[in-house]
Amino acid sequence: MSTSLLIAIVLVMVNGHSNPVSDHNDLTWKPQGQAINLPCNSRDYKSDRHFFRATGSASHQNKSTAERMARLDANANLAATINVTIHSVIDRYVSEHHAGEAAQTSQRYIELTRSTADQQLRNVGIVCNESTFTGGRFTVYMAVEVPKENVLQGIDNEVSSGPSGLDYEKMQFEKIFNEEMEKLESGINPKSD
């Protein structure tokens with residue numbers, strides 16, 4: 001086998017094909033060194049101090065199935081963001097206002113607010129929905145959002161209507177919640193501090 005043929009075979013094996021640029025038509029692949037800009041994934045679709053936002057994507061031969069799967073992915077990401085933020089707020093609130101009984105009080109708050117994220121997913125708005133069709137498959141990119149105020153109101157309703165015995169200072173809780181939303185907007189993971 002000649003050396004040039006061997007080099008060509010190795011190059012094809014490393015690249016996976018003979019012409020990397022022309023063989024890839026989907027939006028997720030770019031030559032090394034170039035930024036990837038996916039639909040529904042810009043700064044406009046990230047959480048900020050006013051909205052919880054999340055993105056999702058899915059591919060399928062059937063467009064409506066791809067849309068359903070992308071929405072499920074986006075909603076799961078949104079629920080995770082809301083839950084992490086709520087837990088961070090509860091941890092801070094309890095440690096600042098219930099130092100002696102932190103573990104028990106924290107657990108009671110978590111139990112009361114657990115359903116808040118699930119309830120809020122019923123009020124999710126789709127803020128971006130873009131589709132591509134490549135190689136016989138639809139790829140759907142989606143961004144969803146829920147207003148911060150809806151989540152905060154849901155927590156307030158759960159805690160206020162829950163069993164008595166919890167010392168709940170709404171203004172302090174809201175102050176901590178807003179601080180955590182500012183961290184979320186600036187890209188700081190609420191659980192990292």
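Annotations
- Once the Cα-Cα distance is subtracted from the 0.36 nm per residue extended length, the E174 to I36 segment shows a gain of 46.0 nm.
- Using heavy atoms of the protein chains and a probe of 1.4 Å, the accessible area assigned to E158 is about 40 Å².
- Spacing of the two label points (7 Å from each Cα toward its C-beta) at I188 and F133, in nm: 4.7
- Largest to smallest in accessible area, the residues R49, R43 fall in the order R43, R49 (1.4 Å probe, all protein chains included).
The values are calculated or read from the model by the stated rules, or taken from the named source; none is laboratory data. As the structure is a prediction and not an experimental result, all values here were calculated from the model. For neighbour counting, all protein chains shown are included, and Cβ atoms are generated from backbone atoms with ideal geometry for every residue, glycine included. Keep in mind that these areas ignore ligands, DNA and RNA; they rest on the heavy atoms of the full protein, side chains included. Shrake-Rupley method; radii C 1.70, N 1.55, O 1.52, S 1.80 Å.
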